């Protein structure tokens, strides 16, 4: 029987390069990345479960928008990213599909850095899905792993794990990064210590279900000994 991760994490990288190659206006590149994340969380989950008879994961974490993106990219680009995020948070079709899938959504990061309308959308989706119990998706937005740990320790150094953005998250079993880079970029640093790492040169929007399945097969074949 195929072994699957309890917690899968994905860095969808390469959005701007994909936009340049395909002539997509840069202001729309984040919208395409968001749609890919939705495809993974909803369509791929459903297809895998139908084909294999088991869930591909119980928890999924998507790196949606880093704190460095906000700090170091141009104001225009960041603003366009905000517009794309805001539009999808308010998308009634997404809300319907998330509820049908019984997917629970949780957002984490330096949320105070985000515009009020995005925070309103985040709060609305979290409240809408809080009773869903099929599986969970954690969305790391305005996120930096070092900042997450620093803030949690400042609140309570002895019980800081309770104050992380995603205290209910399992340790990450499998981490995928698209776009060719082979680094974590501050992603889920507290959770990723024992993860199996997968890197692909495929850009985010071109990452396919077929390539995902090949990675899942390789993950299942790996011998995870945890120091034993």
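None of the figures in this text is laboratory data; all of them are computed from the coordinates on show. Owing to the predicted nature of the structure, the values given are computational and were not obtained by experimental measurement. As a convention, Cβ positions derive from the backbone with ideal geometry for all residues, glycine included, and neighbour counts pool all protein chains shown.
Segment 1-106 has equivalent-ellipsoid semi-axes of 28, 15, 13 Å, by the square roots of 5 times the alpha carbon gyration tensor eigenvalues, sorted largest first.
Using the Stokes-Einstein relation with a Kirkwood hydrodynamic radius computed over Cα pairs, the translational diffusion coefficient of segment 79-191 at 25 °C and a viscosity of 0.890 mPa s comes to 158 µm²/s. For residue 87 and residue 58, the FRET efficiency from 1/(1 + (r/R0)^6), where r spans their Cβ atoms and R0 equals 30 Å, is about 0.55. Put in line by how crowded their Cβ is, counting other Cβ atoms within 10 Å and starting with the fewest, 215, 154, 175 read 154, 215, 175. In the chain, Cα pairs under 8 Å separated by at least six residues give a relative contact order of 28 percent. Computed as a quarter of the hull surface, the mean projected area of the alpha carbon convex hull for the chain stands at 13.1 nm².
Helical content of the chain, expressed as a calculated mean residue ellipticity at 222 nm, amounts to -12500 deg cm²/dmol (DSSP H runs of 4 or more residues, -39,500 (n - 2.57) each, divided by residue number, nearest 500).
Ranked by how many other Cβ atoms sit within 10 Å of their own Cβ, fewest first, the residues 66, 185 fall in the order 185, 66. Values of log10 I(q)/I(0) for segment 159-224 across q = 0.17, 0.22, 0.24 Å⁻¹ run -0.71, -1.01, -1.10, by the Debye formula with one identical scatterer at each alpha carbon and no solvent.
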